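> What follows is a single structure, and I will ask about it in a moment.
The values are calculated or read from the model by the stated rules, or taken from the named source; none is laboratory data. It should be emphasised that the depicted structure is a prediction, and the values quoted were computed from it without experimental measurement. Note that each Cβ is placed from the backbone with ideal geometry, even for glycine, and that neighbours are counted across all protein chains shown. Side chains are part of the model used for accessible areas, which takes the heavy atoms of the whole protein and leaves out ligands, DNA and RNA. Shrake-Rupley method; radii C 1.70, N 1.55, O 1.52, S 1.80 Å.
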Amino acid sequence: MKVSIIGAGMVGSSIAYATMIKGVAREISIVDINGDLAEGQALDLSHGAPYVHPVRIKGGNDYSLTKNSDVVVITAGRAQKPGETRLQLLKSNAKIISSIVESCLKYSENPIILMVSNPVDVLTWVAWKKSGLPRERIIGSGTTLDTARLRQNIADHCKLDPRSVHAYIIGEHGDSEIASWSTANVGGVPIKEFCNGCLAKGCERDKVFERIFENTRDAAYKIIEKKGATYYGIGLAVARILETIAGDHHSVLTVSSVHEEFRGMRDVPFSVPSVLGKKGIERILPLKLSDDELKGLENSAKVIKAAIESILENREPRAESPRDGK
Ligand code: NAD
């Protein structure tokens, strides 16, 4: 598989690093407006190839490097500043993404486009609109990272292997995202039942769930405050998405895609567990949500829709997300 990564910054280079270690691409091209950076990253990474898997890595500022890509991963754009919401990044990144999609499609006819730049859901929609590609080939990394954070936080609390925790963050990759506690389970045991043992010892389950969710939702703010950016987690999350596409694994991941219809809203992208294979999104799974969770998901879709409308109407996005601007 040939993967092109647009944006050679912290996120793009971490994705390249994780992808080459997993051995899911035979060719990786890295393109950045800063050609020296892309070339430097490619050279540095390529020197690790003898210790992992055979892979050809090239970098520069010329889009011809992306010729015949199976997947184009877009990480270019401005990173989130401390205290800045993802939606505030919207305007500047939407323009950048449109021009990148146009350039990539000159060299690859029918690639899968995998959006990582923030705000990822809105930019997934921008890529879908701009590219004219079918919806199943436009994927946002969505809440794959948030879902990993939730599983890890539950695993830490319950002293478990996070791979045995099946729990999802759905909706926006951002402040309005929600945890689908009603479907969460540990090895097939619903999480609320799994907690019974600890409840007997006085654990306040609902408060613990709330704290775990808040730590999950706010993780990026905390990391950005401490080290300026987040990149290793997303690097591994995107490599996992690429792995299921390359191997046609039909894995279930909470990626973002442009939904035809949801509760009267058309063409709104958000994340729900989806089956992924070599053709892109194969199936969206019907989660059995509680009434409150369904309301939360609807609110999240509305936040994204409002941001998309702000692009269409050329005005600042409305701060509809409960924590926008904080
Ligand atoms: P960064 O500043 O380190 O890298 C961005 C790169 O994009 C820079 O090298 C810059 O030169 C390049 N760039 C800018 N405009 C370009 C253009 N027109 N064409 C080509 N390259 C261009 O930022 P980062 O930390 O790597 O973050 C990148 C993006 O990923 C941000 O939008 C960030 O918010 C997002 N992100 C998403 C997730 C997620 O879960 N989806 C997680 C972390 C970061």
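> Going through A42, A16, A25, A38 one at a time, which residue ends up being crowded, with 23+ Cβ neighbours inside 10 Å and near the ligand (Cβ under 10 Å from one of its atoms)?
Among A42, A16, A25, A38, only A38 is crowded, with 23+ Cβ neighbours inside 10 Å and near the ligand (Cβ under 10 Å from one of its atoms).
> Across region 100-125, which residue is farthest from the ligand (Cβ to nearest atom) among those that are in a helix (DSSP H, G or I) and either among the hydroxyl-bearing types (S, T, Y) or under 15 Å from the mean Cα position of the chain (by Cα) (or both)?
W125
> Being in contact with a Pro (Cβ under 6 Å, 6 or more places away or on another chain) and free of Cβ contacts under 8 Å to residues at least 60 places away in the same chain is the filter here; which residues of region 263-310 pass it?
Once the filter is applied, which keeps residues that are in contact with a Pro (Cβ under 6 Å, 6 or more places away or on another chain) and free of Cβ contacts under 8 Å to residues at least 60 places away in the same chain, region 263-310 yields only L285.
> Now for a different question. Quick check, is K129 open to solvent by 10 Å² or more (accessible area, probe 1.4 Å), part of a helix (DSSP H, G or I) and modelled with pLDDT under 95?
No; evaluated as a whole, the condition is false for this residue.
> Tell me, yes or no, whether region 186-202 has at least one residue that is open to solvent by less than 90 Å² (accessible area, probe 1.4 Å), within 16 Å of N153 (Cα to Cα) and touching a Phe, Trp or Tyr at 6+ places or on another chain (Cβ under 6 Å).
Checking region 186-202: at least one residue is open to solvent by less than 90 Å² (accessible area, probe 1.4 Å), within 16 Å of N153 (Cα to Cα) and touching a Phe, Trp or Tyr at 6+ places or on another chain (Cβ under 6 Å).
> Looking at this structure, is A237 modelled with pLDDT under 95, within 14 Å of the ligand (Cβ to nearest atom) and in contact with a helix residue (DSSP H, G or I) (Cβ under 6 Å, 6 or more places away or on another chain)?
For A237, the condition - modelled with pLDDT under 95, within 14 Å of the ligand (Cβ to nearest atom) and in contact with a helix residue (DSSP H, G or I) (Cβ under 6 Å, 6 or more places away or on another chain) - is not met.
> Also, quick follow-up: For A49, indicate whether it is at pLDDT 95 or above and either within 24 Å of the chain's Cα centre (by Cα) or closer than 23 Å to E102 by Cβ (or both).
Against the criterion (at pLDDT 95 or above and either within 24 Å of the chain's Cα centre (by Cα) or closer than 23 Å to E102 by Cβ (or both)), A49 does not qualify.
> Here's another thing I want to ask about it. Taking the options L287, L294, name whichever one is assigned to a loop (DSSP other than H, G, I, E, B), more than 27 Å from S98 (Cα to Cα), open to solvent by less than 60 Å² (accessible area, probe 1.4 Å) and hydrophobic (A, V, I, L, M, F, W, C).
Just a single option satisfies the conditions, and that option is L287.
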